[in-house]
Each structure stands twice: as C-alpha cells, then as structure tokens.
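Notes for the one structure printed next.
The values are calculated or read from the model by the stated rules, or taken from the named source; none is laboratory data. Since the model is a prediction, treat every value here as computed from it, not as a measurement. All Cβ positions, glycine included, derive from the backbone under ideal geometry; neighbour counts span all protein chains shown. Ligands, DNA and RNA are stripped out before the accessible areas are found, and what is left, the full protein with its side chains, is counted by its heavy atoms. Shrake-Rupley method; radii C 1.70, N 1.55, O 1.52, S 1.80 Å.
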Amino acid sequence: LTFLTQTQAVGPPALLPLYFQWYIFYFVIQRKKWVDLAWMMTFYARIFLTYVPFLGLKGVLGLFFMVRFLESIWFVWVTQMNHIPMHIDYDRNMDWVSTQLRATCNVHRSAFNDWFSGHLNFQIEHHLFPTMPRHNYHKVAPLVQSLCAKHGIEYQSKPLLSAFMPPPPSVRDAYLHL
C-alpha cells in the first residue's frame with residue numbers, strides 16, 4: 001500500500017503541465033513539423049481569445065494549468081490501472097504478442113469505464129493495434145480473445161476497482177530498487 005500511495009502522491013506532480021507543454025513544443029520544433037505547430041498555435045489562440053474577455057489573463061492561465069493538472073492525475077490513474085497491477089518478471093525471451101499480453105490487462109467494458117479511460121480500458125488491444133482508433137477496440141477484442149484461447153495465452157480483463165489494487169511484489173521491488 002505504501003508503493004501505491006507514493007505513486008499517487010508523486011506521480012501526478014511529476015507530470016506537471018509545464019513539462020508536457022514545453023516538451024510537446026520542443027518535439028514539434030525539433031522535428032520541423034510546422035503544420036502541427038500551426039495547428040497547436042491555433043488551439044492556444046482559441047483558448048485565449050475565448051476566455052480572456054471573461055476571466056482575464058491570470059484567470060485563463062489558472063484555468064488552463066488547473067485543467068492540465070487534473071488531466072495529469074487522470075492520466076496516472078488510467079495508465080496505472082492497466083499496467084502497474086500486472087506481474088512482470090525478468091525477460092523470458094517471449095514473443096512480442098505474449099509480452100504485450102503479459103504486461104497489460106484490460107478493464108471490463110462499461111459505459112463508465114469506456115468514458116473514464118477514453119476507451120483505453122482495452123489496453124491489450126491498444127498495445128497490439130496502436131494506430132487503431134480507440135473507439136474500435138471493443139470490436140477487435142473478441143478476435144484477440146479467441147487468438148489467445150487458441151494459443152493458450154492468458155487474456156486478462158479485470159473489474160475497475162480490482163485494477164486499482166496494489167501491484168504485485170515483483171513490481172514493487174523493482175520500483176523500490178530504482
């Protein structure tokens with residue numbers, strides 16, 4: 001429980017919006033993705049033009065960073081529920097698909113879980129098909145489940161609350177020895 005508490009307390013502040021905002025711009029400029037940069041600038045221009053008349057500059061900056069901070073907490077919870085509770089050992093020289101299935105789990109499908117996680121409750125499908133639109137993961141899940149059953153690979157799907165349980169000892173030990 002200590003590990004989980006430390007992760008929840010330290011994780012979100014480590015994902016502070018300033019870092020993400022700076023790094024996204026750094027990435028786009030470094031790779032000379034000028035069209036992406038133009039679209040990004042229109043987003044910020046629209047935010048400021050829409051809210052500055054109502055909230056003032058300080059209010060808009062406060063709102064912007066508060067939303068980003070809350071978003072970073074959400075991001076930690078969503079990624080934590082699909083990755084940290086998994087039992088991950090040393091490299092066993094497994095094939096790529098088996099490794100993806102061992103390192104992630106799904107969270108049972110429901111309207112709330114789909115909304116809360118942005119369809120990333122289908123983390124197995126996300127790892128196997130990273131370019132597939134997220135709202136389609138539930139369509140391919142039965143195919144992945146049948147493939148797993150055919151080859152004797154475990155396909156894990158958990159209820160939301162059990163996905164938030166403390167991680168297994170192997171993950172806790174690896175974290176504590178960093």
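A compact table of results
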{"item": "Failed condition for PHE164, given (1) crowded, with 17+ Cβ neighbours inside 10 Å; (2) within 15 Å of the chain's Cα centre (by Cα); (3) modelled with pLDDT under 90", "result": "(1)"}
{"item": "Qualifying residue in the range 144-158 (condition: in a helix (DSSP H, G or I), in contact with a strand residue (DSSP E or B) (Cβ under 7 Å, 6 or more places away or on another chain), surrounded by 12 or more Cβ atoms within 10 Å (Cβ to Cβ) and not hydrophobic (A, V, I, L, M, F, W, C))", "result": "no"}
{"item": "Test result for LEU57, open to solvent by 50 Å² or more (accessible area, probe 1.4 Å), of a type in the set (A, V, I, L, M, F, W, C) and at pLDDT 90 or above", "result": "yes"}
